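Enquirer: A single structure is presented below for examination.
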Amino acid sequence: MGEKNVYSVKHLATGIILECSSDKTLFIFNIENGSSTTFDAWSNQVKLLLENWPPQRPCLLLYDFHKMGKIGLNKSLYEHFETLYRTCPNLKRYTAIVMPNNLNTEETQLAFQLERLRVSPSYPAQWKAFTSRMEAMQWLLAHENAFRQEMNN
C-alpha cells in the first residue's frame with residue numbers, strides 16, 4: 001500500500017485547514033467548528049476542487065470533523081454532503097469522513113448508504129464514515145491502489 005506525504009498545509013477560512021499530498025491526489029479538509037460560514041466555505045472549496053480535477057488522477061478526499069465533538073447530521077450539513085456527493089457525477093472519487101466517536105457516525109454511514117441506493121450502481125463516488133483517521137486513510141489508499149491498477153489495465 002502506498003504512502004502519502006503531506007506537502008502543504010493551508011488555512012483556507014475560519015475553522016478550515018487544508019492538507020494536500022505531494023502528488024496532489026489526497027486533500028484533507030480539517031473542519032474545526034460547525035458554523036454555517038465554515039460549512040459553506042468548505043463546501044465551496046471542495047466543489048471548486050472537484051470541478052477542476054483531472055479524471056486520470058485518483059481523487060482522494062478526507063473530511064475530518066473529529067475536533068468538533070458531538071455533531072449531528074443537521075439539515076445544513078446533510079445538504080452540503082448531498083451537494084458534494086452529486087457534484088461532478090462522472091468523476092471517480094473516494095471520500096472518507098472522520099466523525100467524532102459517537103452514535104452520529106452510524107447515522108452518517110447509514111445516510112451515505114441510503115444515498116448510494118438512490119443513484120445508479122455505476123455512480124463513481126464512494127463515501128464512508130469513520131471514527132479513526134488511520135482507518136480512513138487505509139480505506140483511501142486501498143482505493144487509490146485499485147484505481148491505479150484499473151488505469152494500467
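Enquirer: Condition test on L60, is it crowded, with 16+ Cβ neighbours inside 10 Å and on the phi < 0 side of the Ramachandran plot?
Expert: yes
Enquirer: Check region 67-76 and report whether any residue there is of a type outside the set (S, T, N, Q) and buried (at least 20 other Cβ atoms within 10 Å of the Cβ).
Expert: Taking every residue of region 67-76 in turn, none turns out to be of a type outside the set (S, T, N, Q) and buried (at least 20 other Cβ atoms within 10 Å of the Cβ).
Enquirer: Taking region 34-57 only, how many residues are loosely packed, with under 15 Cβ neighbours inside 10 Å and over 16 Å from H143 (Cβ atoms)?
Expert: Within region 34-57, residues that are loosely packed, with under 15 Cβ neighbours inside 10 Å and over 16 Å from H143 (Cβ atoms) number 9.
Enquirer: Right, another one. Out of everything in region 91-135 that is among the hydroxyl-bearing types (S, T, Y) and modelled with pLDDT of 75 or more, what residue ends up being surrounded by the fewest Cβ atoms within 10 Å (Cβ to Cβ)?
Expert: Among those that are among the hydroxyl-bearing types (S, T, Y) and modelled with pLDDT of 75 or more, it is S122.
Conditions tested, residue by residue: (1) over 12 Å from the mean Cα position of the chain (by Cα); (2) more than 20 Å from T108 (Cβ to Cβ).
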{"position": "K24", "(1), (2)": "yes, yes"}
{"position": "I31", "(1), (2)": "no, no"}
{"position": "T38", "(1), (2)": "yes, no"}
{"position": "R57", "(1), (2)": "yes, yes"}
{"position": "L77", "(1), (2)": "yes, no"}
{"position": "K92", "(1), (2)": "yes, yes"}
{"position": "T95", "(1), (2)": "no, no"}
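Enquirer: Something else now. Which residues, taken from region 23-48, are within 21 Å of N145 (Cα to Cα) and not acidic (D, E)?
Expert: K24, T25, L26, F27, I28
Enquirer: Could you give every pair whose Cβ atoms fall below 6 Å, whose first residue belongs to region 12-25 and is of a type in the set (V, I, T), and whose second residue is open to solvent by 20 Å² or more (accessible area, probe 1.4 Å) and assigned to a loop (DSSP other than H, G, I, E, B), counting only separations of at least 6 or pairs across chains?
Expert: If the second residue must be open to solvent by 20 Å² or more (accessible area, probe 1.4 Å) and assigned to a loop (DSSP other than H, G, I, E, B), the pairs left are T25/R57.
Enquirer: In region 8-22, what residues are closer than 20 Å to W53 by Cα, loosely packed, with under 14 Cβ neighbours inside 10 Å and not small (G, A, S)?
Expert: V9, K10
The values are calculated or read from the model by the stated rules, or taken from the named source; none is laboratory data. Just so we're clear, the structure is a prediction, and the values are computed from it rather than from any experiment. Glycine also receives a Cβ, built like all others from the backbone with ideal geometry; neighbour counts cover every protein chain displayed. Accessible surface areas use protein heavy atoms only, side chains included; no ligands, DNA or RNA. Shrake-Rupley method; radii C 1.70, N 1.55, O 1.52, S 1.80 Å.
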